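Report on the structure given below.
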Amino acid sequence: MFERSEQTLRELDKIIVVCVFILVAAGLMAIYSVTTAINTPAVLKDNFAKQVIWFTISIMIASAVIMTPMKFFYKYAYWFYAVALILLILVLFWGAGRGSHRWFVLGLLRLQPSEIAKVATILAVAKFASHQTTDLRHYKDLIIVFAIALVPALLIVKEPDLGTAMVFFALAVPMLFWAGLSPFIIFVLSAPIITLISAFNLVTFTIAILLIIGILLWSRRRLWVVLTVFLINITVGILTPKVWEGMHDYQRQRILTFVGLQEDPKGSGYQVNQAKVAIGSGGFWGKGWQHGTQTKLRFLPEQHTDFIFTVIGEEFGFLGVTLIMVVFLTLLLRALMIAAAVKSKFTALVVVGSVTVISVHVIINMGMCVGIMPVTGLPLPFLSYGGSALWTNTILVSLILNAGVRRFEYL
Amino acid sequence: MELTESKKRLIFSAALCLIFFVLLLRFAYLQLYKSKEFFLASEENRVRTIDIEAPRGLIFDRYGTILVDNSPAYALYAVPAELNKSDSAYHILAEALQVTPQEIKERLRRNSQSNFQAIKIERQIDFSTLSLLHERRLELPGVEFRAESRRCYPRGVKAPHLFGYLSEITEGELNLFHDLDYEPGDLIGKKGLERQYESILRGLKGKRYVQADALGRIVGDLTEADNPQLHYVTPVPGRNLLVSIDASLQYYLEHEFTGRRGGAVVLNCKNGEVIAMVSEPNYDIELFSRPVTAAIWNQLVNDPNKPLYDRMLQSLYPPGSTFKLVLVVAGLETGLIDPQERVFCPGYYRLGNRSFGCWKPGGHGAVNLLQAIEQSCDVYFYRMGLKVGLKNWADYARRFGFGKITGIDLIGESPGLVPDEEYFDQRYGKNKWSKGLILNVAIGQGDLLVTPLQMAYLAMTIANEGNTFKPHLKRGVQDPITGTEEYDQPDSVHIPGVSPETYALVKRGMYLVVHGDRATGRAAAVPGISAAGKTGTAQNPHGEAHAWFIGFAPFEDPQIAWCVFVENGGGGGAVAAPIARGIISLLLRENKLIPSSQRLVVAQATP
């Protein structure tokens, strides 16, 4: 099933490859800095070496994925998806994790079904949305395509791993938009969420409602559609604070904790604070590699995984941060170019889905490090320590590269 | 209206660029705008300041002998996180320090900043405790011994009332001295010179910086290369205090008074310096160089002999016959006493229907002023007292500093009491008191109360004929590094309204007390030196009379003045005067007093 490799290599998007290597190299430098800190726990000491091994495996995975024809992924998309769902169900019974059921332990390896599900869901949504028979203007098809994304999301919520589940919520919308779903539908679906969030403050609520009215008028839809959407939003906006106030304190607490908004001072609050100190203290030039005091004196727990970007911020400063962000952006924009160029709709949607998953991880992780997003435990692609996340992102980028190589092919 | 692929790409790209730009703005805010603030916070995270103890100033006597020194001692520290690993650790420590395990836990909690940082449990543990704990160190994880210094008294001079002691600063003192950089746990002078000259003796702690990790564990030193803001602060040692004490005389007197109650004050007539000041019983000052246990403290406080009291300046006594000198001055200055007038002493004096006895039941016969001083005839002074009157008497008593503190550089001095008419009116009711009270105070009895220091001051003032000095211990200050010494000017005091003739007469009388044919104080006489003095035997309701002897020597050119006092000791001439002889002999033997014979040679040599 593999094709000739010389041609593949020639057609490979070198810029994306270089970007990935830069990101992994930066990640390795940061991991090295963290794991050679004073009083590093013994379990973390080999993480640099391990990450090098994981990356070596990644290159093999990438080669395999790039050389596999897109047809193969199209053909088996639903099978992958089914396997992913089964694994997600099984992990709820036999899974391990810190107070949760997130992964299987297979000897030295941890298999995280949610990682597999990310790829599988992208493929499944892409396949369904690119069917000749699928018409996204029909509510039936629309519901099916959303269900494809939401079923794994709900299973992951059950683990529980809310951060990862959010990726699935976020994944479907851009793909469907690319697939031709009318922006108005996207607006109708997302407006109540915005209303709900803004409903707690009269000013924000007014702004949100005015925006909704504006968009509704501008859309020039039929009157009953406009009125229905408007009334739904008004109802949500009025009911939300009432329901909220009617709840018991512990219920509110649970909801806040669930959506990750409740900052407990000794847990995530401490982390975010120390993360900001690490990043802020780096200044423009940074403290220099291996010279970050926050890093070297272990003021941040989980710094080699979720908070890896604080090492970049502290040791390489605003300069390093900007560089990494430019590299990420280059990678993603380059991928979007491929998405726009490919002939196959399925391939384009796979690329868009991959771009979405990587973007969401990058944005939420960085937002978390600078304290503008809740601490959700999403790793930073290619930089955070960890085999399975690295492999998932490798697969996603490899699919993008694959699409680039075969951009002129129809399935 | 399907969007083209390139339009979609544009929308996606624009959205990503916008979000990344917002994120980058946030990074810019943290790393460019707020960077200084966060840098400080990161430094605060890792930098720990470690105090470097500064040695406290030493105390030297007038001949450069060290009276109060520092010696190495050990403080007990523990790292709570380590200590918690052993179940028996708290019990072993508690047993060794004689407190409860809860108390140890409490001390750790009170001072704790981090479970991984060593916290002081006890300062200045004694050697036996140290070796005991050291033997069991395997059962005491996280226990450390750190060197510190403690006060020691190498010369054997124990003078606890003079030196005072150090103790951990209280919250009240912290508030009081809030601008002087004291910190909880610091030692501060609590009594005596340690307290009086705290600002001289106290050194300023130095600072060094170390790096601590997130758990508070110290992981290494920090230098200015790591952070230019961190300036190593060299500790500044306290300055040495130069006091006027003569260690050998002080030592001699401490031994002389061992087992007795009382003491002595010896002043330098030339400037008011305190050459020796002893109060017995005292307490072992070494006890106070470590934390004092409640048991020891209570024992000292409840001791009926009141060892914590400095009898020389805190306790009040009737001065007895020594105070007749004040009456003499008052009488001569007011012209109410004629020194030539002879008074017949039959051994008693009758006032109304009361009889006031003379100390010599057989009577002194006819005596004039000088004879009356020499023999301390009570009857003479009863009559003179009535002649001079309470008002004049009290006036001159006050001029000589009675009824107020001398201003010596020690804390806790009592002013004493000079009774006058108002006082008696207040105490007994107007006109309800008899003139017998005047007779009492005339011979230094009754309501009159003085401190031995005031009496020494009186002796010095008379010796100096009114141009006297404030008693003091501090002569100067020495810089411990350069050795530069700075000396104080003595505070001179002039006693107004007393003529040289009066002083001459009083001094003549005092000379006779030691050297006269019928001298009461001849036990103080030392061959080769002329001394002057006045004995006193003060009746008191607490038992045996108090023995007093005040005086000065040499008579011709007074160098020292003294007050010797033995509480319930008996006769001043028999008990107190021999101690004065000891003082003179010692100073003479050590060539610190110039004998009268040599003085004459010197006097002849100068034109």
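What number do you get for segment B:56-186 when its Cα radius of gyration is normalised by 2.2 N^0.38 Å, N = residues? Rg over 2.2 N^0.38 Å, computed on Cα atoms: 1.24.
Summarising the label geometry, the points placed 7 Å from Cα in the beta-carbon direction at A:TYR270 and B:ASP87 lie 2.9 nm from one another.
Distance distribution note for chain B: the fraction of Cα pairs above 39 angstrom is 46%.
Between helix B:247-257 and chain B there is an angle of about 70 degrees, using the helix long axis and the longest principal axis of the Cα atoms. If you take the square roots of the eigenvalues of the alpha-carbon gyration tensor of chain A and sort them as a ≥ b ≥ c, do you get rounded (a/c under 1.5), prolate (a/b over b/c) or oblate? Oblate shape, in that a/c is at least 1.5 and b/c is the bigger or equal ratio.
Neighbouring Cβ atoms from other chains, within 10 Å of the Cβ of residues in B:474-482, number 0 on average. Accessible surface of the protein assembly as shown, 1.4 Å probe: 60 percent of it comes from carbon and sulfur atoms.
For segment B:258-316, the relative contact order works out to 35 percent when only alpha carbon pairs closer than 8 Å and six or more residues apart are counted. Go through B:CYS269, B:LEU351, B:PRO160 and say which Cα lies farthest out towards the positive end of the charge dipole of chain B; charges sit on Cβ, +1 for Lys and Arg, -1 for Asp and Glu. Sorting the options by dipole projection puts first B:LEU351.
Computed log10 I(q)/I(0) for the protein assembly as shown at 0.05, 0.08, 0.09 Å⁻¹: -0.57, -0.86, -1.00, from the Debye equation with unit scatterers placed on every C-alpha and solvent omitted.
Per residue, the solvent-accessible area of chain A (1.4 Å probe, heavy atoms of protein chains only, all protein chains present) comes to 46 Å². Scalar couplings 3J(HN,Hα) for segment B:537-549, obtained by applying the Karplus form with A = 6.51, B = -1.76, C = 1.60 to θ = phi - 60°, are 10, 8, 5, 8, x, 9, x, 3, 5, 7, 9, 10, 8 Hz; x denotes Gly and Pro.
Within the same chain, lysines fewer than 8 places from B:LYS7 are excluded, and of the rest, those with a Cα less than 16 Å from its Cα are A:LYS343, A:LYS345. How many Å² of accessible surface get buried when B and A come together, counting both sides, probe radius 1.4 Å, rounded to the nearest 100? Counting both chains, the buried surface is close to 3600 Å².
Couplings 3J(HN,Hα) for segment B:456-470, derived from phi with the Karplus relation 6.51 cos²θ - 1.76 cosθ + 1.60 (θ = phi - 60°), are 5, 5, 4, 4, 5, 5, 5, 4, 8, 6, x, 9, 10, 9, 6 Hz, where x marks Gly and Pro. Charged neighbours of B:ASP395, selected by a Cβ distance under 12 Å, balance to 0 (K, R count +1; D, E count -1).
The charge dipole of the protein assembly as shown, taken about its Cα centre with unit charges on the Cβ of Lys, Arg, Asp and Glu (plus for the first two, minus for the last two), comes to roughly 2840 debye. Think of segment B:1-53 as having a plus end and a minus end, set by charges on the Cβ of Lys, Arg, Asp and Glu; of B:PHE12, B:ALA28, B:PHE38, B:PHE12 sits farthest toward the positive end of this dipole. When the alpha carbon gyration tensor of segment A:272-321 is reduced to an equivalent ellipsoid, its three semi-axes come out at 15, 10, 9 angstrom, largest first. Peptide B:40-50 has a mean of 4 when you count, residue by residue, the C-beta atoms of other protein chains within 10 Å of its C-beta. Among the residues of B:9-16, the average count of other protein chain beta-carbon atoms within 10 Å of the residue beta-carbon is 6. Note on segment B:170-219: dipole from Cβ charges, positive end direction compared against B:LEU201, B:LEU174, B:PRO184; the farthest Cα belongs to B:LEU201. Burial here means at least 40 square angstrom less accessible surface with every protein chain in place than with the chain by itself, probed at 1.4 Å; in segment A:274-311 the buried residues are A:LYS276, A:VAL277, A:GLY280, A:SER281, A:THR293, A:LEU297, A:PHE299.
Where only DSSP H runs of four or more residues are counted, the protein assembly as shown gives -16000 deg cm²/dmol as its mean residue ellipticity at 222 nm, each run worth -39500 (n - 2.57). Couplings for segment A:369-384, taken from phi via the Karplus curve 6.51 cos²θ - 1.76 cosθ + 1.60 with θ = phi - 60°, read 5, 9, x, 10, 9, x, 6, 10, x, 8, x, 8, x, 6, 9, 4 Hz in order; Gly and Pro are left as x. Rounded to the nearest 20, the Cβ-based charge dipole of segment B:319-475 about its Cα centre (Lys and Arg +1, Asp and Glu -1) stands at 240 debye. When a/c reaches 1.5 or more, the comparison of a/b and b/c decides; with that in mind, is segment B:398-530 rounded, prolate or oblate per its Cα gyration tensor? Oblate, since a/c reaches 1.5 and b/c is not below a/b. Using R0 = 41 Å, the C-beta based FRET efficiency linking B:HIS134 and A:THR36 works out to 0.65. Considering only A:ILE148, A:ILE207, A:ILE31, the Gaussian network model of chain A with Cα springs below 10 Å gives its largest mean-square fluctuation to A:ILE207.
Dipole of segment B:119-174, Cα-centred, from +1 at each Lys and Arg C-beta and -1 at each Asp and Glu C-beta, to the nearest 20 debye? Its charge dipole is roughly 340 debye. Annotation note: trypsin sites (Lys or Arg not before Pro) in segment B:46-138 located in DSSP loop regions with a Cβ neighbour count of at most 16 within 10 Å are B:LYS85, B:ARG136. Straight Cα distances below 17 angstrom link A:LYS118 to the aspartates and glutamates A:GLU159, A:ASP161, with same-chain residues fewer than 8 positions distant left out. Taking amide H as placed 1.01 Å from N in the peptide plane, B:PHE469 has its amide H under 5 Å from the amide H of B:VAL493, each at least 5 places away in sequence or on another chain. Summary value for segment B:60-163: 48 percent relative contact order, contacts being C-alpha pairs under 8 angstrom separated by 6+ residues.
Each of the peptides A:393-403, A:236-246, B:506-516 was scored by the mean count of other Cβ atoms within 10 Å over its residues; in descending order, highest first, they stand as A:393-403, B:506-516, A:236-246. Just check segment A:1-159 against the gyration tensor rule for me: Cα atoms, a ≥ b ≥ c as the square roots of the eigenvalues, rounded for a/c under 1.5, and otherwise prolate or oblate depending on whether a/b exceeds b/c. Oblate, since a/c reaches 1.5 and b/c is not below a/b. If you average the alpha carbon positions of segment A:85-159 and of segment B:271-345, how far apart do those two centres end up, in angstrom? That distance is 97 Å.
Of all aspartates and glutamates in the structure, the ones whose alpha carbon falls short of 19 Å from that of A:LYS71, not counting any fewer than 8 places away in one chain, are A:GLU3, A:GLU11, A:GLU409.
For segment A:35-118, trypsin sites (Lys or Arg not before Pro) are listed when DSSP marks them as loop and at most 13 other Cβ atoms sit within 10 Å of their Cβ; the list is A:LYS45, A:ARG98.
The values are calculated or read from the model by the stated rules, or taken from the named source; none is laboratory data. This structure is a prediction, so every number in the text was calculated from the model and none was measured. A quick note on method: Cβ atoms are made from the backbone with ideal geometry, for glycine too, and the neighbour counts reach across all protein chains shown. Heavy atoms of the whole protein, side chains included, go into the accessibility calculation; ligands, DNA and RNA do not. Shrake-Rupley method; radii C 1.70, N 1.55, O 1.52, S 1.80 Å.
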